[in-house]
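Here is the structure we will look at, set down as structure tokens.
The values are calculated or read from the model by the stated rules, or taken from the named source; none is laboratory data. Only a predicted model underlies this, so the values are computations on that prediction, with no experimental measurement involved. Ideal geometry is used to build each Cβ from the backbone, glycine not excepted, and the neighbour counts take in all protein chains shown. SASA here: full protein model, heavy atoms, side chains in, ligands and nucleic acids out. Shrake-Rupley method; radii C 1.70, N 1.55, O 1.52, S 1.80 Å.
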Amino acid sequence: ARLRASNLDIENASNTGIKLRNSEDVILDSNSVTSSGQRGIHATDTTRLYIRNNRVRLAGTWGVHLDSSDNGPTVDGALVAFNTIQAATTGGIRLENVRGTIRDNILSEIGSIGIKTNVAPTNIHHNNLFAVPRLFDEESEEPSRRWSNSTLEPGFVDAAGGDDGGLAALVEMR
């Protein structure tokens, strides 16, 4: 049976906005996490995970962080797509001991790292990373496969007021 969490509106979480552990076949869809103390969305040891169309703003560390437990096996099958992550302090998206695809996301005003991975192969494509000091950080011996990522101004309608105008910036991407 597939687990699906949709249309959640989480504000001012003291630690993590949405947390998954030891799950399988999960969809996180159309959720909003604003002002989380640590991560906006965090999943540990979760296989066949699809994180799509979520909005994460003002995360204390990472907007989206997927990992496996300490010294655990690499987790396969993650797809992070069509998300908007704005003003995360440490980074936008992190796959730690997780293989998958990161595509069609908007990352804006990220404190340090846009996308961080440490295992390959990971496909990273058609993302827009704007106002991000370090676009990619890859710790694997084999680099991720990256193509068609951009650094365009996303054109949020009222970013300060929390209105990102949806994913309109993706239409402008080349």
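Averaging 1/r over every pair of different alpha carbons in the chain and inverting the result gives a Kirkwood radius of 15.6 Å. Charging the Cβ of each Asp and Glu at -1 and of each Lys and Arg at +1, and nothing else, the dipole of the chain about its Cα centre rounds to 220 debye.
The Kirkwood hydrodynamic radius of the stretch 50-119, based on inverse pair distances between different Cα atoms, is 12.0 Å.
For the stretch 11-68, report the translational diffusion coefficient in µm²/s to the nearest whole number, using Stokes-Einstein at 20 °C, 1.002 mPa s, and a Kirkwood Rh over Cα pairs.
For the chosen part, D equals 193 µm²/s.
Here the accessible area is traced with a 1.4 Å probe on the protein chains. For the chain, carbon and sulfur cover 45 percent of it. To the nearest 20 debye, what is the magnitude of the charge dipole of the stretch 14-63 about its Cα centre, counting +1 on the Cβ of each Lys and Arg and -1 on the Cβ of each Asp and Glu? Taking the Cα centre of the stretch 14-63 as origin, the dipole is about 200 debye. When the Cα positions of Val119, Phe136, Asn105 are compared along the charge dipole of the stretch 54-142, Asn105 comes out farthest toward the positive end, with charges on each C-beta of Lys, Arg, Asp and Glu. The charge dipole of the stretch 30-113, taken about its Cα centre with unit charges on the Cβ atoms of Lys, Arg (+1), Asp and Glu (-1) only, comes to about 280 debye.
For the chain, the per residue solvent-accessible surface stands at 45 Å², with DNA, RNA and ligands left out and a 1.4 Å probe.
For the chain, adding -39500 (n - 2.57) for each run of n ≥ 4 DSSP H residues and dividing by the number of residues yields -500 deg cm²/dmol at 222 nm.
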